[in-house]
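Since the structure comes first, as structure tokens, the remarks are kept for the end.
The values are calculated or read from the model by the stated rules, or taken from the named source; none is laboratory data. On a predicted model such as this, the values are computed, not experimentally measured, just so you know. Here the Cβ positions follow ideal geometry from the backbone for every residue, glycine too, while neighbour counts run over all protein chains shown. Keep in mind that these areas ignore ligands, DNA and RNA; they rest on the heavy atoms of the full protein, side chains included. Shrake-Rupley method; radii C 1.70, N 1.55, O 1.52, S 1.80 Å.
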Amino acid sequence: MKLLLTIMSLALLAGCSMRDIATMDGATEQAYNLNDEDRDGVIEAREKCSGTVSGANIDNYGCGTVKPIKERSELKILFPNDSYYIDPQYYAQIQTIADFMKQYPHTNVTIEGHCSKTGTYEHNLELSQNRANAVTDVLNQQFGIESSRLTAIGYSYDRPVDTSGTPEAQNRNRRVIAEVTGEDTMADMKWNIYTVDETAQ
């Protein structure tokens, strides 16, 4: 009996060690397109919106989401003391606003002028208005943005961003803000590890 069990065990072990070998004589046919042509992280087999804007926030089918335009940014323009003259070295910043508005022709911009709490309210109100006007004048005269799309508002020192009263606070409160809004929509961009570097430039 022991001999019979031993023979059967060896037969089973021999059978387990034998395997069929399949050879690949040609290329494997891929059932689905696993490429990502527009590099949005969605394979072509699932893609429903090819050509998505690079970096856009997308759904599971590669379709980008959009958001209404409401972009607010500070222009780093240093005005001479008690002046609203804009040195041409700052035109590049204003051109960025103009280029954006040309890309989205149904947008308007509001330029806000803000001052520090130095001098009278009335004088700063006039100065902040003139500084805002100066920016809209550059947008119109230098970069061809229609005046109907431009609004300038001076706020004197009504809207400080730093109320500590230090010289640094006064510098922070002297600023010009551009807010672009409109009926156009733009791609909703997702955060990535490079976003901080882009905004810091």
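Entry remark, region 50-93: residues being at pLDDT 85 or above and touching an Asp or Glu at 6+ places or on another chain (Cβ under 6 Å) number 1 in total. Residue selection: LEU139 fails the criterion of being aliphatic (A, V, I, L, M) and under 22 Å from SER164 (Cα atoms).
Return the residue satisfying two criteria in turn: it lies in region 108-125 and is charged (D, E, K, R) and surrounded by 15 or more Cβ atoms within 10 Å (Cβ to Cβ), and of such residues it is farthest from the chain's Cα centre (by Cα). Walk me through it before giving the result.
At the first step, the residues of region 108-125 found to be charged (D, E, K, R) are 112, 117, 122.
Those still in the list that are surrounded by 15 or more Cβ atoms within 10 Å (Cβ to Cβ) too: 112, 117.
Values: GLU112: 22, LYS117: 33 Å.
Among those residues, the one meeting the criterion is LYS117.
All of (1) closer than 18 Å to LEU75 by Cα; (2) open to solvent by 70 Å² or more (accessible area, probe 1.4 Å) hold for PRO105 with one exception: (1). When region 171-194 is filtered for residues that are open to solvent by less than 60 Å² (accessible area, probe 1.4 Å) and either touching a Phe, Trp or Tyr at 6+ places or on another chain (Cβ under 8 Å) or modelled with pLDDT of 85 or more (or both), the ones remaining, listed by number, are ASN173, ARG175, VAL176, ILE177, ALA178, GLU179, VAL180, THR181, GLY182, ASP184, MET186. Here THR107, THR136, THR151 are screened, and the one residue that is modelled with pLDDT under 90 and touching a helix residue (DSSP H, G or I) at 6+ places or on another chain (Cβ under 8 Å) is THR107.
Against the condition under 22 Å from the mean Cα position of the chain (by Cα), of a type in the set (Lys, Arg), part of a loop (DSSP other than H, G, I, E, B) and modelled with pLDDT under 65, how does ARG19 come out, does it pass?
On the way: under 22 Å from the mean Cα position of the chain (by Cα): no; of a type in the set (Lys, Arg): yes; part of a loop (DSSP other than H, G, I, E, B): yes; modelled with pLDDT under 65: yes.
Considered against the rule, which asks whether it is under 22 Å from the mean Cα position of the chain (by Cα), of a type in the set (Lys, Arg), part of a loop (DSSP other than H, G, I, E, B) and modelled with pLDDT under 65, ARG19 comes out as no.
Collect the residues in region 69-92 that are farther than 18 Å from THR151 by Cβ and not acidic (Asp, Glu), keeping them in residue-number order. Walk me through how you get there before you give the answer.
Filtering region 69-92 down to residues farther than 18 Å from THR151 by Cβ leaves 76, 78-83, 85, 87-92.
Result: LYS76, LEU78, PHE79, PRO80, ASN81, SER83, TYR85, PRO88, GLN89, TYR90, TYR91, ALA92.
Specify the residue that is nearest to ASP162 (Cα to Cα); the eligible residues are those in region 77-131 that are of a type in the set (S, T, N, Q) and in contact (Cβ under 8 Å) with a residue 40 or more places away in the chain. Steps first, please.
Pass one, region 77-131, residues of a type in the set (S, T, N, Q): 81, 83, 89, 93, 95-96, 103, 107-108, 110, 116, 118, 120, 124, 128-130.
Now drop any that are not in contact (Cβ under 8 Å) with a residue 40 or more places away in the chain, which leaves 95, 107-108, 110, 116, 118, 130.
Numbers: GLN95: 28, THR107: 30, ASN108: 28, THR110: 22, SER116: 9, THR118: 14, ASN130: 22 Å.
Step by step, filter region 77-131, then rank; the result is SER116.
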